[in-house]
Amino acid sequence: MSHFTTETYRAKREVINFSKTLAPDDNRTEQRFVSDMIYGLLRSGSVTLKDIGAALNEDIRIINTIDRLSQHLSKPLSKQIAMNYTKRMMSKLDHDPIFLVDDSEIIKPYGKAFEALGRVRDGSDPKHDIKPGYMVTEIVGLTKREKQPVSFYSQIHSSAEEGYVSANQVLYEGLNSVLSHIRADQRPTFIFDRGYDANDLFQFMCNHEKKPYYIIRLTQKRKLKVGKHWISAPDLAAARKGKIRTELTFWDASHSRMINQTVYISHLKTRITAGGFPVFLVLVYGLSDTPMMLATNRPIYNKLDVQKIVWHYMSRWRIEEYFRFKKQHFDFENIRVRSLQSLNNLNQLLGYAIALVGILADKKSYSAFTGRLIVNAKALRENISFFYYQIALGLMNTLAYAREGIDRWFKRRREPQRQLSFLHMV
């Protein structure tokens, strides 16, 4: 049992040291709140304040803990927290980082008291029915060592909220937020699925002062200019054949087994209808009945450049797994705070908690502590490449041995003595 004492102390230290670097040093109250939330989220594996409060194990009634957390969530978080977090996580990425962009949803079929509850399409429903809920726009970056997804922007939004413009406005806000932290010597690549094939996005990316790269999967409706003629992308794909043989490895739709697939790749120079910007059309044959069509402004000089574009796009499964982990491990759709301010604050803090899991996962090849967390998870499957579930469960199991919360890790303010003393009387 002694090794659990050591591991529990180490797990607490990892959480608290990470949390303390986010909040401003001169705001001890906010620093304590951020630490409480990240620790509570990781120990409980839940986004409900009742579970988070119980995980803190404070020497007060749990209803008082819940009230304190709720009051802090209803107020805007310090902007310095997001800046400190982004600065720290940027150091975990490659010099020219890869960012994955996608949308998810929070379905609240029985919610009536939530602020500005809108109507969204349920992606998990086979019929894709429209249900009450919120949209979540997410941008994650891939770590340099193990290509683990960590959040850089996450916004819960609804068309029913006051002053709402559009989902595109939220997307551009997120892209600008990420690009504002990119140095002049960096050239990031943003990867988008078919739902983002829109002229407005091409114009935004091509006109941005930071000149980011992009890889966007095209729909069957897209037209491209070759020479003097506008031709549909499917017709271009049908008129060509793949020349570059490439092996792809990816998870199947159920994420139960790895698939090795031989594909053939072709590419050509074209122009996009949005402003006539030059792009490369990359065609991938062999994944399905119709070729996969990718538009990119990344330069192509040789065979390896073409293959990298396809490999980068295929890394999109990381953000899909990120959403799944967020919903399954933390029961994200069970989030119960009602105001949009509280929803987004809790979502932001959950992103920080998951980022710590990502940092630990990025160390799995050399960190003995991460290895012990994976062992403590007592998982049945070993042949995996996404370790978030095992590490998060290992943290839960390890912190479950803690007899008290993290209250003693923070120095308390010394209150002046209230007892009268004649020695101090004049």
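Would you point out which residue out of Leu283, Leu287 is assigned to a strand (DSSP E or B) and hydrophobic (A, V, I, L, M, F, W, C)?
Leu283
Here is a check on your reading of the model: is Ser91 buried (at least 18 other Cβ atoms within 10 Å of the Cβ) and hydroxyl-bearing (Ser, Thr, Tyr)?
Working: buried (at least 18 other Cβ atoms within 10 Å of the Cβ): no; hydroxyl-bearing (Ser, Thr, Tyr): yes.
No.
Among the listed residues Tyr134, Tyr164, Tyr172, identify the single one that is over 17 Å from Ile319 (Cβ atoms) and part of a helix (DSSP H, G or I).
The conditions single out Tyr172.
Yes or no: region 71-81 includes at least one residue that is within 20 Å of the chain's Cα centre (by Cα), farther than 27 Å from Val178 by Cα and surrounded by 14 or more Cβ atoms within 10 Å (Cβ to Cβ).
Scanning region 71-81 turns up no residue that is within 20 Å of the chain's Cα centre (by Cα), farther than 27 Å from Val178 by Cα and surrounded by 14 or more Cβ atoms within 10 Å (Cβ to Cβ).
Looking at region 379-389, is at least one residue in a helix (DSSP H, G or I), of a type in the set (D, E, K, R) and modelled with pLDDT under 95?
Taking every residue of region 379-389 in turn, none turns out to be in a helix (DSSP H, G or I), of a type in the set (D, E, K, R) and modelled with pLDDT under 95.
Restricting attention to region 88-126, and to residues there that are without any contact (Cβ under 8 Å) to a residue 40 or more places away in the chain and in a strand (DSSP E or B), which single residue is nearest to Glu146 (Cα to Cα)?
Looking at residues that are without any contact (Cβ under 8 Å) to a residue 40 or more places away in the chain and in a strand (DSSP E or B), I get Glu105.
Scan region 55-65 and give yes if some residue there is free of Cβ contacts under 8 Å to residues at least 24 places away in the same chain, small (Gly, Ala, Ser) and in a helix (DSSP H, G or I), otherwise no.
Filtering region 55-65 for residues free of Cβ contacts under 8 Å to residues at least 24 places away in the same chain gives 60-65.
Subsequent filtering for residues that are small (Gly, Ala, Ser) retains none.
No: zero hits.
Against the definition (on the phi < 0 side of the Ramachandran plot, in contact with a His (Cβ under 6 Å, 6 or more places away or on another chain) and surrounded by fewer than 20 Cβ atoms within 10 Å (Cβ to Cβ)), how does Thr86 come out, yes or no?
So Thr86 passes the test.
Please give the number of the condition Asn345 fails out of (1) among the polar types (S, T, N, Q); (2) under 15 Å from the mean Cα position of the chain (by Cα); (3) more than 24 Å from Leu399 (Cβ to Cβ).
Evaluating Asn345 over (1) among the polar types (S, T, N, Q); (2) under 15 Å from the mean Cα position of the chain (by Cα); (3) more than 24 Å from Leu399 (Cβ to Cβ) leaves (3) as the failure.
The values are calculated or read from the model by the stated rules, or taken from the named source; none is laboratory data. From a predicted model like this one, the values you see are computed outputs, not experimental measurements. FYI the Cβ positions are ideal-geometry reconstructions off the backbone, even for glycines, and counts take in every protein chain you see.
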